[in-house]
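The values are calculated or read from the model by the stated rules, or taken from the named source; none is laboratory data. Everything numeric here is computed off the predicted structure, so don't read it as measured data. For neighbour counting, all protein chains shown are included, and Cβ atoms are generated from backbone atoms with ideal geometry for every residue, glycine included.
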Amino acid sequence: MTVEPLVRATELTKRFGPVTALDGMTVDIPPGRTGLVGENGAGKTTFFRLLLGLGRPTSGRLEVGGRAVDQDPIGVRSTIGYMPEHDCLPLDQTAADVVATFAELGGLPPRAARQRASDVLDLVGLDEARFRPIAGFSTGMRQRTKLAQALVADPQLLLLDEPTAGLDPTGREEMLALVERVGTFGISVLLATHLLDDVQQVCDNVVMIDGGALVVAGATEGLVQRTGMVMVDVGDRAPELVAVLMALGMNAAVVDSTVEVTVATEGDVDAIRDAIADLGLPLHRLSNRFRSLDDVFLTAARRS
Amino acid sequence: MTASGAVYDRGYRPYDGPRGGRGAARLALFRVSLRRALGLRRPWRQKVAPFLLLGIAVIPAVVNVGIGYVTRDRPPVGFEFITYRDYVVVSSSLFLLFVALTGPDVLCPDRRNRVLPLVFARPLTGADYVAAKLGAIAAIVFAFGVIPQIVLFGGQMLVGNHALDYLRDHAAVLWQVPAAVALVAVYYAAIVLAISSLTPRRIVAAAVFIGLMLATATVAGVLVGDTKLHRGSAAGLIDLAGLPLHLRDLLFLGHLDPAGPLSGVAAGGLFAVIAYAAVLSVALAVLFVRYRWEDR
């Protein structure tokens, strides 16, 4: 069964004078959690602005939920929640007031807006702090408030721009857990980040862009698939194992004190096991080597 | 017996209630701005200025009604402590102070705290934003201008022996007052918001607004001179704060004030209307350009 894309960009180009922010990008983004990965200045925020109808593409077409953004920007915007990267909260107001206000701006009646604000602040873990002015909030609490205001009008699509920026490791883990959880509520998430680990941790799909051009897009699982190599950790006697495997005609090398071996068949793995046994080596680990998103990005960027 | 408890994760509930569109968002922004300007849901200090000004604005009406009550059996012929037309001037002086305090407060923090990207990610346009903010300030100024006049009208009507006669004799003010106050309210609100849109700092916006009003009034006063001694001059149009009061005179009197700064100026009324429209247009243009959010 073919899943209709939630976001469809066709030959999308955006230029600011001589600078090309997006360069003929064509990509279909399915519902679910998708990571939009690229270095700073790669065009992630420009893509978000175009999705929100806050800018017009120089050429090309952009659709959200089957609706062309340039033809119905207000309608599209009413289905999107947006969490910017930078500080954007009125510091002299309470989290409850801010989130309720943005619920009202999303079209909810005042009473429902306050109720939703309370519920969503509870969801992001700010139930007890919601009546405190935001000026007294930590970075993590402010990020949660930003997430709450993006969520409060019950969007179909959530645009998160670097949601873990400035967070300590615990805060980052908590934020990623929240993002992952939001995805289970039937809300699609587009997570812009330059941190591939974040994407690998919570996203089902990845769109990688570099210099405004699409590098690679696809399911995270597919991109980080097996590389046809196994990694063997036999402690400090790795060179002995490499020598035996090379003698057997296999391609093996020591990388970071681990033996990496190219395997073609299950028989090759058996041969490795037997070689370790024959040499009497301690086997600490034997596992498939998966590509990381970093590998994928670097390889694809180099190729493009 | 032992008590037992449980912690429930309420999870996430999708919203399936009524949802408004652009109009609802604009109205919401209007309400939020109104609350902020009046200091509602804010510390008590923020409530002092607006309600103190409203209290001061009502004093002349209360005094006038009080005099009317005391002298109800022997009403002084030809004496009025304050007229409806004069009241617009009294109110407009307070409006200047009020809009200088509240106008920057409803606009500058949005830019200073970088809230605008969040606002424009909602189903709103720049024009909606301007309309909501302008509408909020103008609505409060209008209310603060009309409430004292309602007190005055109602009081005068009730303290006299012939309420219906008073109503019939003064029926014209029932449209003149709201129209004149509306002209003043929209004008001052547009100017203060236009200035506020150019800076993220409230104090700078307030100072520039008050400074502009005082400076233009002073320059106009010097150039026009004493209108009791000679005719007025078109230089009176320079006085930005006084400009809507010429329109008030046109509404109440049907012509300009014979003792005003434009007295004796050929087609002075027409010039006043054109100058008013021009200033208002420039202020609105500044606002719409500053909040045209697409492609910025």
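General remarks:
- Candidates in the range B:233-256 are the residues that are in a loop (DSSP other than H, G, I, E, B) and buried (at least 21 other Cβ atoms within 10 Å of the Cβ); of these, the one that is farthest from the chain's Cα centre (by Cα) is B:LEU256.
- Matching option when the condition is out of contact with any Cys (no Cβ under 7 Å at 6 or more places or on another chain), within 27 Å of A:LEU105 (Cα to Cα), acidic (Asp, Glu) and touching a residue at least 40 places away in the same chain (Cβ under 8 Å), among B:ASP128, B:ASP110: B:ASP128
- Complete set of residues in the range B:257-273 that are crowded, with 17+ Cβ neighbours inside 10 Å and of a type in the set (A, V, I, L, M): B:LEU262, B:VAL265, B:ALA272
- Residue in the range A:183-191 that is surrounded by fewer than 17 Cβ atoms within 10 Å (Cβ to Cβ), small (Gly, Ala, Ser) and farther than 30 Å from B:PRO14 by Cβ present: no
- Positions within the range A:55-83 being in contact (Cβ under 8 Å) with a residue 24 or more places away in the chain, in a loop (DSSP other than H, G, I, E, B) and either more than 9 Å from chain B (Cβ to nearest Cβ) or under 21 Å from A:GLY186 (Cα atoms) (or both), in sequence order: A:PRO57, A:THR58, A:GLY65, A:GLY66, A:SER78, A:THR79
- Within the range B:11-28, being among the charged types (D, E, K, R) and either exposed (fewer than 14 other Cβ atoms within 10 Å of the Cβ) or facing chain A (nearest Cβ under 8 Å) (or both) holds for B:ARG13, B:ASP16, B:ARG19, B:ARG22.
- Taking every residue in the range A:203-218 that is without any contact (Cβ under 8 Å) to a residue 40 or more places away in the chain and pairing it with any residue that is buried (at least 19 other Cβ atoms within 10 Å of the Cβ) and in a strand (DSSP E or B), at least 6 positions away or on another chain, the pairs with Cβ-Cβ distances below 8 Å are A:GLY218/A:ASN205; A:GLY218/A:VAL206.
- Meets criteria (over 29 Å from B:GLY154 (Cβ atoms) and either of a type in the set (Asp, Glu) or away from chain A (no Cβ under 14 Å) (or both)) for B:ASP73: no
- Those helices (runs of 4 or more DSSP H) lying entirely in the range B:89-190 with at least 2 residues under 29 Å from A:ILE74 (Cβ atoms): B:116-119, B:126-159
Results for (1) over 21 Å from the mean Cα position of the chain (by Cα); (2) free of Cβ contacts under 8 Å to residues at least 12 places away in the same chain; (3) crowded, with 23+ Cβ neighbours inside 10 Å, shown as yes or no for each residue.
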| position | (1), (2), (3) |
| --- | --- |
| B:ASN161 | yes, no, no |
| B:TYR188 | no, no, yes |
| B:LEU198 | no, no, no |
| B:PHE209 | no, no, yes |
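- Total residues in the range B:265-296 satisfying the condition of being more than 14 Å from chain A (Cβ to nearest Cβ) and of a type in the set (Phe, Trp, Tyr): the figure is 3.
- A:LEU281 being within 30 Å of A:GLY32 (Cα to Cα) and surrounded by 15 or more Cβ atoms within 10 Å (Cβ to Cβ): no
- Any hit, the range A:85-96, residues being over 30 Å from A:PRO133 (Cα atoms), part of a loop (DSSP other than H, G, I, E, B) and free of Cβ contacts under 8 Å to residues at least 12 places away in the same chain: no
- Complete set of residues in the range A:266-297 that are among the hydrophobic types (A, V, I, L, M, F, W, C), modelled with pLDDT of 75 or more and either touching a Leu at 6+ places or on another chain (Cβ under 8 Å) or under 30 Å from A:LEU223 (Cβ atoms) (or both): A:VAL269, A:ALA271, A:ILE272, A:ALA275, A:ILE276, A:LEU279, A:LEU281, A:LEU283, A:LEU286
- Matching residues, the range A:107-131, being in a loop (DSSP other than H, G, I, E, B), at the interface with chain B (Cβ under 10 Å from one of its Cβ atoms) and either of a type in the set (Phe, Trp, Tyr) or out of contact with any helix residue (DSSP H, G or I) (no Cβ under 7 Å at 6 or more places or on another chain) (or both): A:PRO109
- Exactly one residue out of B:ARG45, B:ARG31, B:ARG35 is within 14 Å of chain A (Cβ to nearest Cβ), modelled with pLDDT under 85 and assigned to a helix (DSSP H, G or I), and it is B:ARG45.
- Residue count for the range A:112-131 under the criterion of being touching a residue at least 24 places away in the same chain (Cβ under 8 Å) and surrounded by 18 or more Cβ atoms within 10 Å (Cβ to Cβ): the result is 10.
- When the range A:256-277 is limited to residues that are charged (D, E, K, R), under 14 Å from A:MET229 (Cα atoms) and not in a strand (DSSP E or B), the one that is farthest from the chain's Cα centre (by Cα) turns out to be A:ASP270.
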